[in-house]
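The values are calculated or read from the model by the stated rules, or taken from the named source; none is laboratory data. Remember, it's a predicted structure, so these values are computed and weren't measured experimentally. Here the Cβ positions follow ideal geometry from the backbone for every residue, glycine too, while neighbour counts run over all protein chains shown.
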Amino acid sequence: MRYLTAGESHGPQLTTIIEGLPAGMPITAEDINNELARRQKGHGRGRRMQIEKDEAFIASGIRHGYTLGSPVALVVENNDWKHWTKIMGSDPISAEEAEEVKRKITRPRPGHADLNGGIKYGHRDLRNVLERSSARETTVRVAAGAVAKKLLSLLGIEIASHVLEIGGIKASPTPYSSIKELQQISEDSPVRCLDKEVEQSMMDAIDQAKKNGDSIGGVVEVIVEGMPAGVGSYVHYDRKLDAKLAGAIVSINAFKGAEIGIGFEAAHLFGSQVHDEIAWDSEQGYYRKTNRLGGFEGGMTTGMPIVVRGVMKPIPTLYKPLKSVDIDTKEEFGASVERSDSCAVPAAAVVAEAAVAWELACAIVEQFPSDRYNQLSEYIERYRQEVKEF
Ligand code: EPS
């Protein structure tokens, strides 16, 4: 399974084409739009989110509520486009018009793709870089992830996310009785945090950063239940599923690192404190007495919940100027902006869910016969039984 995305932040639309989905899988626009709405929420979002109301138009591949096996194309329109038709239009413009409408950018923002992208592609107008490198693109990553999530959910695999840290304020471990409850508590929180004690402090930290013209980052955690053991592989580096998840997390805009299970904490513990003891009972088959390795051993799932964390740096588009250099004049200036998000960590948790869902769905579709949804579902059930009886 694969997908491509296309679209600029202030262009007419964002598009994704998903190829390789099983045929006959039930799915509706609502399944996708719910996820798009979740991504738009969260304390700390800027004015752009008041302009957009992301909804997917299903342009192909789904008929009467079922996938056809043909490519699924999803289109999300940018409402902001109406203000950018001249600046971002595809028709050629004259030199005089260019002066007037291009809103040329020659001042790269520190921490963004602006300067490196300009150097790589030879763009003297850095708008040609930032329009595509913008995190607006995560809209259609979430749309593709929503389709993957739906497939997983139909196969009994559920995904949730929550925020562990914002701007140095850390949530304490908070118990939850089921993944459904985790989903609900996170959904009801303006910062997607399970720990009610720190929720307000997180929001205050976001407000304070905004007041200071600054931004803050944080840590998100994605949890997946219901993946059978033995998905992924140990036989070759590019088939290790945990590595794919780590790559998918770090590919999200502004993400700088990923951890599986206890992650970096393992560095200072003994082996006996890290590895999860194996147990068996007739009810569930094999299980681990703990889950410090976050559902992975040897690049394959263990059947325990998958736990993946990602760290997001503070958004680099700042009201508070950082020094940079104009690429035309080579003069130093203080980079500042008109609008930005002061914190997008809660929204990024939803993007991380989508990224993880996509990789897991790909692994399943690759490992089991998957031309037809019904067939895939039967194979997974049979496989689960085999795992139990192993
Ligand atoms: C972004 C800058 C802001 C964010 C945007 C990502 O957009 P604008 O430049 O239009 O104010 O709001 O995020 C989204 C539009 C979104 O949908 O998440 C950036 O530079 O990365």
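Before moving on, here are some points about what is shown:
- Answer residue from the range 22-40, given it is in contact (Cβ under 8 Å) with a residue 40 or more places away in the chain and loosely packed, with under 15 Cβ neighbours inside 10 Å and is nearest to residue 159 (Cα to Cα) among those: 34
- Taking residues in the range 304-316 that are modelled with pLDDT of 95 or more, and partners anywhere that are of a type in the set (D, E, K, R), the pairs with Cβ atoms closer than 6 Å and at least 6 places apart or on different chains are 304/288; 305/225; 309/221; 309/259; 311/256; 313/256.
- Selection from the range 348-365 of residues that are surrounded by fewer than 24 Cβ atoms within 10 Å (Cβ to Cβ) and of a type in the set (Gly, Ala, Ser): 363
- Meets criteria (buried (at least 20 other Cβ atoms within 10 Å of the Cβ) and touching a Phe, Trp or Tyr at 6+ places or on another chain (Cβ under 6 Å)) for residue 318: no
- When 315, 278, 306, 262 are screened for being within 27 Å of residue 366 (Cβ to Cβ) and either within 23 Å of the chain's Cα centre (by Cα) or of a type in the set (Phe, Trp, Tyr) (or both), only 306 passes.
- Residues in the range 224-254 that are in contact with a helix residue (DSSP H, G or I) (Cβ under 7 Å, 6 or more places away or on another chain), over 15 Å from residue 299 (Cβ atoms) and in a helix (DSSP H, G or I): 249 alone.
- Qualifying residues in the range 88-101 (those that are closer than 29 Å to residue 57 by Cα and in a loop (DSSP other than H, G, I, E, B)) - the one farthest from the ligand (Cβ to nearest atom): 92
- In summary, residue 344 fulfils each of the numbered conditions (1) among the small types (Gly, Ala, Ser); (2) touching a residue at least 24 places away in the same chain (Cβ under 8 Å); (3) farther than 22 Å from residue 212 by Cα with the single exception of condition (3).
- The range 92-106, residues that are charged (D, E, K, R) and more than 33 Å from the chain's Cα centre (by Cα): 96, 97, 99, 100
- Residues within the range 109-144 that are of a type in the set (Gly, Ala, Ser), buried (at least 22 other Cβ atoms within 10 Å of the Cβ) and within 14 Å of the ligand (Cβ to nearest atom), tallied: 1
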